[in-house]
Each structure stands twice: as C-alpha cells, then as structure tokens.
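The structure appears right after this line, and notes come after that.
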Amino acid sequence: MRKAIGVSAAPAGPKAWGRAAAAAGVVLLVAGCGGGGTEKETGAVKPSTGASAPAGAGAGAEADAALDAAAVTREIQAAATGAGFTQKPSKDDVPAGLRPCMVSWQADGEKATDSRKSFDTTVAALGKAGWKQAQSFDQKGSVIMSLDKSGWTLKASHHGQAGTFVIVSFIATDNGPKCAALFKEDLEKSKQQQ
C-alpha cells in the first residue's frame, strides 16, 4: 500500500506509517485544491463532470453520523468484491490511533481476471453508493481517482497492467477537524522518531 501512495517498501513501522499518513495527507490536500486540468494523456489532473465540491471545515463523521470508518470499509469491500477483487492480505495495517480516520483496502490485482475492468467497475459501484468523483489522473498505466462522500475522501488507484506487477488500492480519509488533528499529531510523532 505504501508503494501505491509513494512511500518506500520498507517494513511497516512508526516511521513508515508517518510517511504514509503524510503522503495521504499531501495527496488529499493537493486534491482538495482544485485547479482543473487538460486531457487525460497529459497526466494532468482533471475534474470530472458532476464533481462535488471539496468538503469544508466541520466536515467528516459529524456531517453524516452513518458514515464512519466501518461504514466506509463496508462500502469499499462491497464494491470491490462485487467487481471481482479479493482483498490482499497486508501487514501495512492502519495504526490503531488513526483507524477512526483512515481506511486502507488493497485488492489482489493479480488474482482478478481483468484488474482494470474490475477497478472501473468498483469505482462505478462506489459512484452508485453516493461517492462523487472529484478528480482523475490517467497516464501510462496509472489511474488515480479522488472521490468524496460525507466528509470523506477516497483515493482509488490502479497501477500496472495485466501480466505485470499490479497494485490496486482504495485509501479513504476523514477530512473532519478531529481527524486532521490526529494526522498532524501522528506526523509530528513520526518526525520526532527520525
């Protein structure tokens, strides 16, 4: 999972999770800044039609009590398994202190008949469940989509092609102020341990 968000493949530990949380936060921060784009071949970020506005201050679990980490996990699980994915066992579990704020679900893309088709089907199912696509990046075998729902942002990513190494992951974070504080605290702890 760390590789999917640009963090080294070193064994998981406090430092690794700090970098993963920081990377997730940076990705979410950049995604929330908007800034249109151009054609998909350029690799530029482009908002989709019908994109929702980024969640504002006060968003998060408080905005929709029914959407918490457990509900987000269930929605990702249902969409991904319905599309033909199985969850890849991972040693990179979300740290206990961040579990209310972050969900990580990695698909075993190599076991799927057509991982890209399953990815697209998963994203479509999430859309039917109320997740609104905000941005999309598609270039040279890598697709990253940002979807928003009730104060949560979900990064859906597919890297690689059939017959090669494939990484498919769905990482969701709560954008509310409580979780922002927890991510900041985790990042500070990680910096102190370096």
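The values are calculated or read from the model by the stated rules, or taken from the named source; none is laboratory data. No experiment lies behind these values; they were computed from the predicted model shown. Please note: Cβ atoms are built from the backbone with ideal geometry, for glycine as well, and neighbour counts cover all protein chains shown. All accessible areas refer to the heavy atoms of the entire protein, side chains included, with ligands and DNA or RNA removed. Shrake-Rupley method; radii C 1.70, N 1.55, O 1.52, S 1.80 Å.
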TODO: Looking only at segment 79-90, decide whether some residue is within 24 Å of Leu187 (Cβ to Cβ) and either open to solvent by 70 Å² or more (accessible area, probe 1.4 Å) or not in a loop (DSSP other than H, G, I, E, B) (or both).
DONE: no
- [ ] Check every one of the strands (runs of 3 or more DSSP E) wholly within segment 118-174 and list those with 1 or more residues that are among the β-branched types (Val, Ile, Thr), open to solvent by less than 10 Å² (accessible area, probe 1.4 Å) and free of Cβ contacts under 8 Å to residues at least 40 places away in the same chain.
- [x] 142-149
Task: The one condition in (1) in contact (Cβ under 8 Å) with a residue 24 or more places away in the chain; (2) assigned to a helix (DSSP H, G or I); (3) open to solvent by 20 Å² or more (accessible area, probe 1.4 Å) that Ala180 fails to fulfil - done: (1)
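Anything in segment 115-139 that is basic (Lys, Arg) and in contact with a helix residue (DSSP H, G or I) (Cβ under 9 Å, 6 or more places away or on another chain)? List them, or say none.
Taking segment 115-139 first, the residues basic (Lys, Arg) are 116-117, 128, 132.
Selection gives Lys128 alone.
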Task: Within segment 134-164, tally of residues that are in contact with a strand residue (DSSP E or B) (Cβ under 6 Å, 6 or more places away or on another chain), under 18 Å from Ala83 (Cα atoms) and not small (Gly, Ala, Ser) - done: 8
